[in-house]
1. Which condition number does N92 fail, the rest of (1) in contact with a Pro (Cβ under 9 Å, 6 or more places away or on another chain); (2) buried (at least 22 other Cβ atoms within 10 Å of the Cβ) being met?
2. Quick one: which residue in V46, V66, V90, V82 is in a helix (DSSP H, G or I) and closer than 27 Å to E105 by Cα?
3. Listed residues I117, I133; which is surrounded by 19 or more Cβ atoms within 10 Å (Cβ to Cβ), under 20 Å from V159 (Cα atoms) and touching a Ser or Thr at 6+ places or on another chain (Cβ under 6 Å)?
4. Identify the single condition in (1) modelled with pLDDT of 95 or more; (2) out of contact with any helix residue (DSSP H, G or I) (no Cβ under 8 Å at 6 or more places or on another chain); (3) assigned to a loop (DSSP other than H, G, I, E, B) that F197 does not satisfy, given that it satisfies every other one.
5. In region 12-33, which residues are under 12 Å from the mean Cα position of the chain (by Cα) and in a helix (DSSP H, G or I)?
6. Just for region 141-166: of the residues that are touching a Phe, Trp or Tyr at 6+ places or on another chain (Cβ under 8 Å) and at pLDDT 95 or above, which one is surrounded by the most Cβ atoms within 10 Å (Cβ to Cβ)?
7. Name every residue in region 107-135 that is part of a helix (DSSP H, G or I), among the small types (G, A, S) and either touching an Asp or Glu at 6+ places or on another chain (Cβ under 7 Å) or within 13 Å of D87 (Cβ to Cβ) (or both), in order of residue number.
8. Give me the pairs: first residue in region 126-139 and in contact (Cβ under 8 Å) with a residue 24 or more places away in the chain, second residue in a strand (DSSP E or B) and among the small types (G, A, S), beta-carbon distance under 9 Å, and six or more apart or on different chains, which are they?
Amino acid sequence: MKISGKVAIVTGGASGIGRAVSLKLLEKGAKLVAIIDLDAEGGQRVLSEFSAKFGGDRVRFIKSDVSQEDQLKNSFQEAYDVYGALDIVVNNAGILSLDNRKTIEVNLMAIINGTFIAEKLMTQKKRSEKGIIVNTSSMAGLRTSPAANASYVASKHGVVGFTRALMNSTDAFSKDLRVAAVCPCAVETHFMTRYNFKTKEVEEKMQNYKKENKFVSLDMVVDAYIMAIEDDNLHCAIIKVTNTSGVALAEF
């Protein structure tokens, strides 16, 4: 898919990976990028910054708690209604939390709900080319992680399983859409710095990540999302991002 002229939604777009992906979509000529986030202050800041650079007609900020299905549905509908179109969805919102239920609701259920809400909107009209939904997982979705709690790891495994399952599940997912998931290794973003249950052991692991150059660059992670969006041959693909392999397809 060529990004130029397309309408996109990015959840969790007020900071970190979501912000960086939104910026790249605009740089590549997206007609509209709707940034959905619970962080109103951060969202307004990004809206002002991007509007000044690209024009206010190309950027929207919609405050929404993605863990609440009604809010998520309404925010997607609001973005769709601007042009009566939706081509690209990046389900990216995520949290690190000791609240196991909230972790699953935000990291997994919001992605499942977002995918099916997007499917309905993206197929309301006959498409000339396939739409694309990209879900954010993590390398913790492909293995365990000594720097994350078990519910976080489970939620990210769930994203990988859900994305792969759409290839041939009983959901009869639309043939007019593609899906993919991106699994980055640790990225040094605001998401990491606000990690709200650091122990001394976890802090030491994060410092060792820095020393051993295990953090992947944000630019490399963004490249993985753009690959998922632009490569029409990728469907139900899982893309990993590590310093050892770079951006590469995961094998199962």
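The values are calculated or read from the model by the stated rules, or taken from the named source; none is laboratory data. Computed from a predicted structure; not experimentally measured. A quick note on method: Cβ atoms are made from the backbone with ideal geometry, for glycine too, and the neighbour counts reach across all protein chains shown.
1. Checking N92 against (1) in contact with a Pro (Cβ under 9 Å, 6 or more places away or on another chain); (2) buried (at least 22 other Cβ atoms within 10 Å of the Cβ), the one that fails is (1).
2. Checking each option against the conditions leaves just V46.
3. Values: I117 fails: touching a Ser or Thr at 6+ places or on another chain (Cβ under 6 Å).
The unique qualifying residue is I133.
4. Of (1) modelled with pLDDT of 95 or more; (2) out of contact with any helix residue (DSSP H, G or I) (no Cβ under 8 Å at 6 or more places or on another chain); (3) assigned to a loop (DSSP other than H, G, I, E, B), only one is false for F197: (1).
5. G16, I17, G18, R19, A20, V21, S22
6. Ranking the qualifying residues of region 141-166, first place goes to L166.
7. Kept after step one, since they are part of a helix (DSSP H, G or I), are these residues of region 107-135: 107-122.
If we keep only those that are among the small types (G, A, S) as well, we get 110, 114, 118.
Listed by number, the list holds a single entry, A118.
8. If the second residue must be in a strand (DSSP E or B) and among the small types (G, A, S), the pairs left are I132/A180; I133/A180; V134/A180; V134/A181; N135/A180; N135/A181; T136/A181; S137/A181.
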